[in-house]
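Structure, as structure tokens:
The values are calculated or read from the model by the stated rules, or taken from the named source; none is laboratory data. Worth saying up front: this structure is predicted, and the values here are computed from it rather than measured. In this analysis, Cβ positions are derived from the backbone assuming ideal geometry, glycine residues included, and neighbour counts consider all displayed protein chains.
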Amino acid sequence: MRCCRIIVNSTVSSPSGRLVVLPQQPVDRNILGRAIMAHIEELAAISESRTGLTRVFLSDEHRRTNAVVAAWMEAAGMNSRIDAVGNIIGRYEGMVPGAPALMLGSHLDTVRDAGKYDGMLGVVTAIACVAALHRAGKRMPFAIEVIGFGDEEGVRFGATMLGSKAAAGCFTADLLALQDSDGRSMADGLRAFGLDPDQVGMAARSRGELLAYVELHIEQGPVLEARGVPVGCVSAIVGASRLGVTVTGMAGHAGTVPMAARADALVAAAQAVLAVEQRCLSEPGVVGTVGTMTVAPGAINVIPGSARFSVDIRSVEDRQRRQAVDDLRARFAEIAKARGVGIDNTVLHELPSVSCASWLQDQIRAAIVAEDITPLDLASGAGHDGMAMVAIVDIGMIFLRCAGGISHHPAEAITAEDAAIGARVLSRFIENFVPEAAHP
């Protein structure tokens, strides 16, 4: 059975750190899995919070993570670079230098108080598989690039997949004006990171440069675990819309303004939140979430004068998703009128559902079967960088089961054995990869 080998020293903390690789003979899955897990633990230690994992775009933690990942890429035989938006990229040349590349990877940013495996698993495992080729002195007919996207989650600036949008040439200049919670714009964040916001377009890749984008990722759902299957082939990724909603009322004294005379922004916002739940409960296949809310002035004895909240609507069927958004906007306007407040909503993010390329699914299934696993196809209810990358290249995804389907939470967990299985499946896929033009 073919096996992927991996760099195993988990003590590297800077680009100058030295990494040790496993011996060339095949290794059992537990050793391989533990090595992957050790590297993920090292990345998980790079956090702005001491009590949980939080790492956001263009932060000092982002910079430190890029440095560690660059060191691993170099040790695995790749040349590494940081592109114009802060993505870290490693390139392993093929038999002919400059050949088009199979791109692998995932994202390195996290939500707040995150789990350890979302995003990081895909980057670490891809590096491991390239390291195996390098140890064997093997070059493919194509180049391999491993990318660690700087932003997929959208935590800092509210717009998601900023790294992959830039790589796919979909980054628009208006995104540079988005501000974080401290009022700092993305343009300012890029400058502080040592990048030029006017040069973000230089991160864009062309269709001819890439053969496919394939990502290994935890499922973030319960299907694989329920079926007793460690890996699956992703068929499609759900579409998503995100709104930023601002309710403007009138602040006033909590004791002196009569209840009937109030324009309470928070009460109106609360009613709007319930409307999101009611609308999405009414139609199977649509899910809606209000994940953030801020209130001002924010004093215990002051009627809230403004409230801001987010809305996330998802569905595999784009028609359903768009209709739900339209219905909610109309309902928000009704609530605002009835309560005497103003309401404004802005689209922060909108991506249609995407299908994974059938020719890539065929090759992923073949790699799964080669590990004596019955392939299972499933759709992703979470968004991924492939939703942006599909603008320039066909995409494929491999899902790895996670405990209880839990993700975006510190309880997110996988086993070392499953990590090794995922690495072997990805390794088989790489070594047997046939670009679409040559695919039967």
Does residue 132 satisfy being modelled with pLDDT under 95 and farther than 27 Å from residue 350 by Cβ? yes
Here are the criteria: (1) surrounded by fewer than 23 Cβ atoms within 10 Å (Cβ to Cβ); (2) at pLDDT below 95; (3) part of a helix (DSSP H, G or I). Tell me which single one residue 348 does not satisfy. (3)
Test result for residue 116, over 17 Å from residue 210 (Cβ atoms), of a type in the set (Lys, Arg), modelled with pLDDT of 95 or more and within 24 Å of the chain's Cα centre (by Cα): yes
Suppose the filter is within 30 Å of residue 437 (Cβ to Cβ), within 18 Å of the chain's Cα centre (by Cα) and charged (D, E, K, R); does residue 377 pass it? no
Within segment 42-95, how many residues turn out to be of a type in the set (Lys, Arg) and in contact (Cβ under 8 Å) with a residue 12 or more places away in the chain? 4
Scan (1) in the same structural domain as residue 159 (by TED's automatic domain parsing); (2) at pLDDT 95 or above; (3) assigned to a loop (DSSP other than H, G, I, E, B) for the single condition residue 299 breaks and write down its number. (1)
Report whether or not residue 247 is assigned to a strand (DSSP E or B) and more than 23 Å from residue 387 (Cβ to Cβ). yes
Test set (1) closer than 30 Å to residue 177 by Cβ; (2) of a type outside the set (Val, Ile, Thr); (3) assigned by TED's automatic domain parsing to the domain that holds residue 160; (4) touching a strand residue (DSSP E or B) at 6+ places or on another chain (Cβ under 6 Å) - residue 377 fails condition number: (1)
Candidate set: segment 370-392, residues that are surrounded by 24 or more Cβ atoms within 10 Å (Cβ to Cβ) and among the aliphatic types (A, V, I, L, M); chosen: the one farthest from residue 113 (Cα to Cα): 389
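Listed residues 423, 370, 391; which is over 16 Å from residue 213 (Cα atoms), touching a Cys at 6+ places or on another chain (Cβ under 6 Å) and of a type in the set (Gly, Ala, Ser)?
When all the criteria are applied, what remains is 423.
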List the residue pairs whose Cβ atoms are under 8 Å apart, where the first residue sits in segment 255-280 and is in contact (Cβ under 8 Å) with a residue 40 or more places away in the chain, the second is exposed (fewer than 12 other Cβ atoms within 10 Å of the Cβ) and not β-branched (Val, Ile, Thr), and the two are 6 or more positions apart or on different chains. 255/301
Filtering segment 64-91 down to residues that are more than 18 Å from residue 116 (Cα to Cα), out of contact with any His (no Cβ under 7 Å at 6 or more places or on another chain) and of a type outside the set (A, V, I, L, M, F, W, C), which residue is surrounded by the most Cβ atoms within 10 Å (Cβ to Cβ)? 90
Among the residues of segment 351-369, what is the count of those that are surrounded by fewer than 18 Cβ atoms within 10 Å (Cβ to Cβ) and under 20 Å from the mean Cα position of the chain (by Cα)? 2
Can you confirm whether segment 311-327 contains a residue that is over 20 Å from residue 158 (Cβ atoms), of a type in the set (S, T, N, Q) and loosely packed, with under 15 Cβ neighbours inside 10 Å? no
